[in-house]
1. Is it fair to say ARG238 is modelled with pLDDT of 95 or more, over 24 Å from TYR131 (Cα atoms) and more than 21 Å from the chain's Cα centre (by Cα)?
2. For the list (1) open to solvent by less than 70 Å² (accessible area, probe 1.4 Å); (2) without any contact (Cβ under 8 Å) to a residue 24 or more places away in the chain, I need the number of the one condition that ASP174 fails.
3. Taking the condition of being assigned to a loop (DSSP other than H, G, I, E, B), at negative phi and either aliphatic (A, V, I, L, M) or surrounded by fewer than 16 Cβ atoms within 10 Å (Cβ to Cβ) (or both), how many residues in segment 2-49 meet it?
4. So, PRO267, is that one within 25 Å of ARG176 (Cβ to Cβ) and out of contact with any His (no Cβ under 8 Å at 6 or more places or on another chain) or not?
5. Where in segment 260-345 are there strands (runs of 3 or more DSSP E), lying wholly inside it, with at least 2 residues that are at pLDDT 95 or above, of a type outside the set (Lys, Arg) and open to solvent by less than 10 Å² (accessible area, probe 1.4 Å)?
6. Of everything in segment 293-340, what is within 20 Å of GLU259 (Cβ to Cβ) and of a type outside the set (S, T, N, Q)? Give them in sequence order.
7. State yes or no: is GLY181 under 17 Å from SER272 (Cβ atoms) and open to solvent by 30 Å² or more (accessible area, probe 1.4 Å)?
8. Residue by residue through segment 223-259, note down the ones that are in a helix (DSSP H, G or I), of a type in the set (A, V, I, L, M, F, W, C) and crowded, with 18+ Cβ neighbours inside 10 Å.
Amino acid sequence: MGAIADMVINHNSGADEEEENPLDGQKRWTKFNPKSGKFARNWDCFHPSRYEKVMMEGEQFAGFPHLCHRNPKVYAAMYEYARMIIEELDFDGFRFDFVKGFGAWMIGLLAKYQYQKKDNPDFSPFVVGEYWSGPEDIGGWLDAVSKLTDSQIAAFDFPLRYKLKDVCDTPNYDLRNLTDGGSVSAARPFNAVTFTENHDMGGNEVVNDKMLGYSFILTQDGYPCVFWKDYYNFELARPNTPNGIDALVQAHHKHAGGESCILHADPDLYISQRGGTEDQSGLIYVLNNLGNQWSGTTVKTKWTNTRFVPVAWDGHDQAHPDERGTDEEGNGEFPAPPRGYCVYAPVFE
């Protein structure tokens with residue numbers, strides 16, 4: 001298990017003193033005198049600043065101005081902070097908060113820095129940015145960062161998350177919307193961190209059948225992220241059962257590898273295939289939106305004359321799904337419970 005540091009490098013509150021910014025004559029809380037002596041700062045380290053005339057979205061947060069990264073003092077402090085996070089505290093990567101609020105160049109530089117991690121001089125951190133917008137805007141941000149670094153950069157897939165909320169909470173939601181390409185994971189599967197819920201979704205939480213969302217992100221493309229509250233506080237882990245996040249995580253690790261392919265999609269039924277790798281068997285994933293009956297259909301898979309066992313499932317009926325099989329052409333019928341899902345894994349005998 002790796003540890004990813006939450007990097008909030010533009011919001012900055014809790015100053016020791018209020019002071020006047022001579023550029024506009026306004027008083028702000030920008031005087032910091034940390035007892036550690038590290039990164040003492042004043043008005044010149046914040047916006048508005050003589051180092052950067054044009055601001056990006058969000059000049060301040062909760063009434064406090066943002067740091068100006070183009071000030072050489074701030075720029076150097078960000079490098080030292082990132083170095084400490086990786087080399088001294090032994091984190092494995094960064095989650096950059098509110099990346100709309102500062103230049104993509106800053107993330108590119110911190111991602112490309114040559115960190116000397118313990119026992120790994122060639123270490124490259126995992127980097128994910130929180131760009132809360134649509135797929136085109138997120139794609140533009142990913143392109144901007146990628147031009148500045150040879151490291152792999154990811155973004156949270158907010159467009160997919162809103163689709164999954166509709167899957168869970170909207171009656172008769174058309175599952176074909178999951179196939180329209182309108183998500184980060186659809187366009188850039190290796191640059192997407194997918195999620196069903198997170199700490200920012202207060203007031204917009206998923207309130208029904210949340211396991212449908214988790215079944216999708218843990219079987220499809222992207223780097224899935226499980227929310228602590230869902231796993232622990234809301235007890236969706238359901239250990240030692242096939243009906244919770246634990247079983248889906250196991251399915252993700254053991255089976256959810258290889259090329260992703262949609263085998264069937266209609267308003268109420270979605271079936272996809274993961275082709276497998278040397279280390280992961282592949283799988284068939286079935287999502288059923290009907291609320292009152294099991295549903296499935298015959299699809300053509302890549303596996304001929306193969307037995308499939310259900311490894312994770314949940315829904316309004318938790319009865320154990322039957323094993324399935326494919327014929328000499330790879331055809332097989334795969335159902336899922338009402339308002340539920342089922343993950344089938346091939347068995348190679």
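The values are calculated or read from the model by the stated rules, or taken from the named source; none is laboratory data. Nothing here was measured: the structure is a model prediction, and the numbers come from that model. Glycine gets a Cβ as well: all are built from the backbone with ideal geometry, and neighbour counts include every protein chain shown. Heavy atoms of the whole protein, side chains included, go into the accessibility calculation; ligands, DNA and RNA do not. Shrake-Rupley method; radii C 1.70, N 1.55, O 1.52, S 1.80 Å.
1. Considered against the rule, which asks whether it is modelled with pLDDT of 95 or more, over 24 Å from TYR131 (Cα atoms) and more than 21 Å from the chain's Cα centre (by Cα), ARG238 comes out as yes.
2. (2)
3. Within segment 2-49, the first condition is being assigned to a loop (DSSP other than H, G, I, E, B), and the residues that meet it are 2-3, 8-16, 22-25, 33-40, 42, 47-48.
Keeping just the survivors that are at negative phi gives 2-3, 8-13, 15-16, 22-24, 33-36, 38, 40, 42, 47-48.
Adding the requirement that they be either aliphatic (A, V, I, L, M) or surrounded by fewer than 16 Cβ atoms within 10 Å (Cβ to Cβ) (or both) leaves 2-3, 8-9, 13, 15-16, 22-24, 33-36, 38, 40, 42.
Of the residues in segment 2-49, 17 are assigned to a loop (DSSP other than H, G, I, E, B), at negative phi and either aliphatic (A, V, I, L, M) or surrounded by fewer than 16 Cβ atoms within 10 Å (Cβ to Cβ) (or both).
4. Details: within 25 Å of ARG176 (Cβ to Cβ): yes; out of contact with any His (no Cβ under 8 Å at 6 or more places or on another chain): yes.
Answer is yes for this residue.
5. 269-274, 283-288, 307-314, 331-336
6. Taking segment 293-340 as the starting set, the residues that turn out to be within 20 Å of GLU259 (Cβ to Cβ) are 299-304, 306, 308, 311, 326, 329-332, 334.
Scanning segment 293-340 gives VAL299, LYS300, LYS302, TRP303, PHE308, VAL311, GLU329, GLY330, GLY332, PHE334.
7. Numbers: under 17 Å from SER272 (Cβ atoms): yes; open to solvent by 30 Å² or more (accessible area, probe 1.4 Å): yes.
When the stated conditions are applied, GLY181 passes them.
8. To start, the set of residues in segment 223-259 that are in a helix (DSSP H, G or I) comprises 228-233, 245-255.
Those left that are additionally of a type in the set (A, V, I, L, M, F, W, C): 228, 245, 247-249, 251.
Those that are in a helix (DSSP H, G or I), of a type in the set (A, V, I, L, M, F, W, C) and crowded, with 18+ Cβ neighbours inside 10 Å: ILE245, ALA247, LEU248, VAL249, ALA251.
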